[in-house]
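This report concerns only the one structure given below.
The values are calculated or read from the model by the stated rules, or taken from the named source; none is laboratory data. Computed from a prediction, not measured in an experiment: that's the story for all the values here. Here the Cβ is made from the backbone with ideal geometry for all residues, glycine too, and neighbour counts use every protein chain on show. Calculation scope for accessible area: heavy atoms of the full protein, side chains included, ligands and nucleic acids excluded. Shrake-Rupley method; radii C 1.70, N 1.55, O 1.52, S 1.80 Å.
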Amino acid sequence: MEVVVDTLAGIPTGMTTSSRGTVLLGNAIIDACTQLKQDLLNNSLESLAGRIYRGRWECNWTHKPGKTGETSVTHYAYGYAAQLVVLKEDGQIEKICAAHDAGKIVNPILFEGQIEGAVHMGLGYALSENLPMENGQLLSSKMKDLGILRAHETPCIEVTGVEVADPVGPYGAKGLGEIGLVPTAAAVANAFCAYDGIRRTALPLHPPKPRQTP
């Protein structure tokens with residue numbers, strides 16, 4: 001498979017990345033393979049080498065923002081997720097439970113790794129990462145100063161896959177680009193608030209102080 005990046009067309013479609021990319025690319029590949037599958041009935045794969053099969057998938061049923069009514073469709077390709085942060089007695093994070101709707105999970109190992117990586121990134125975003133700048137310039141360009149959580153600093157991450165097939169997605173699959181990261185910081189903030197009653201509104205979050213034992 002060869003990926004060709006062409007910026008000359010200037011098609012006004014918005015971004016074609018992540019969840020939308022899953023739908024666009026996946027369905028276009030299925031469309032291209034339909035003719036290939038038909039040709040393989042009477043030809044060998046070797047005899048078809050070099051032939052080009054073009055696939056196409058178009059979304060033309062959504063409406064511009066501002067349209068009202070029950071038939072308004074503003075977007076496609078989305079899922080749902082929930083994350084729960086479990087704290088230890090001293091207020092430190094013990095475990096993250098992440099349940100994510102990915103439609104048809106084609107590769108469970110890649111799915112789990114995607115969510116684990118996203119939660120790790122979300123924890124760094126919530127707790128330790130910062131990018132201080134002065135006059136538009138970084139104060140430090142060293143990786144070690146970014147505050148990225150190391151392996152031994154990462155709590156247990158428990159991933160649960162939820163398969164609600166997407167009628168638009170290829171074979172019912174949904175993208176996992178943004179949604180793996182989105183709930184993490186909020187889940188951490190809610191857990192800290194439940195622990196000490198303090199609502200935190202700025203990042204990075206300050207962990208709660210251990211409760212005083214009577």
| query | Between residues in the range 157-183 that are more than 12 Å from Tyr80 (Cβ to Cβ) and residues that are part of a helix (DSSP H, G or I) and charged (D, E, K, R), which pairs lie under 6 Å by C-beta distance while being six or more apart or on different chains? | reply | Ile157/Glu116; Val159/Glu112
| task | Filter the range 12-30 down to residues that are exposed (fewer than 15 other Cβ atoms within 10 Å of the Cβ) and modelled with pLDDT under 85, then give me how many there are. | result | 8
| query | Hey, among the residues in the range 140-159 that are exposed (fewer than 13 other Cβ atoms within 10 Å of the Cβ) and either polar (S, T, N, Q) or in contact with a helix residue (DSSP H, G or I) (Cβ under 8 Å, 6 or more places away or on another chain) (or both), which one's modelled with the highest pLDDT? | reply | Ser140
| message | If Glu112 meets every condition in (1) open to solvent by 100 Å² or more (accessible area, probe 1.4 Å); (2) modelled with pLDDT of 95 or more apart from one, which number is that one? | response | (1)
| request: For Gly122, work out the one condition from (1) in contact with an Asp or Glu (Cβ under 9 Å, 6 or more places away or on another chain); (2) open to solvent by less than 30 Å² (accessible area, probe 1.4 Å); (3) among the small types (Gly, Ala, Ser) it doesn't fulfil. | output: (1)
| query | Scanning the range 172-187 for residues that are open to solvent by 40 Å² or more (accessible area, probe 1.4 Å) and under 24 Å from Gln92 (Cα atoms), which turns out farthest from the chain's Cα centre (by Cα)? | reply | Ala186
| note | Of the residues in the range 28-44, those that are touching a residue at least 24 places away in the same chain (Cβ under 8 Å) and not aliphatic (A, V, I, L, M) come to Asp31
| query | Going by the structure shown, is Leu41 outside any loop (DSSP other than H, G, I, E, B) and on the phi < 0 side of the Ramachandran plot? | reply | no
| query | When Cys59 is evaluated against the numbered criteria (1) open to solvent by less than 60 Å² (accessible area, probe 1.4 Å); (2) modelled with pLDDT of 95 or more, which criterion, by number, is the only one it fails? | reply | (2)
| said: Every residue in the range 172-204 that is assigned to a loop (DSSP other than H, G, I, E, B) and in contact with a Leu (Cβ under 8 Å, 6 or more places away or on another chain), please. | reply: Pro204
| request: Go through the range 125-139 residue by residue and tally those that are of a type in the set (D, E, K, R) and open to solvent by less than 100 Å² (accessible area, probe 1.4 Å). | output: 1
| remark: Within the range 78-104, the count of residues that are part of a loop (DSSP other than H, G, I, E, B), farther than 16 Å from Glu178 by Cβ and open to solvent by less than 30 Å² (accessible area, probe 1.4 Å) comes to 1
| request: Take the range 163-188 and flag every residue that is touching a strand residue (DSSP E or B) at 6+ places or on another chain (Cβ under 9 Å) and closer than 16 Å to Ile96 by Cα. | output: Ile179, Gly180, Val182, Pro183, Thr184, Ala186, Ala187, Val188
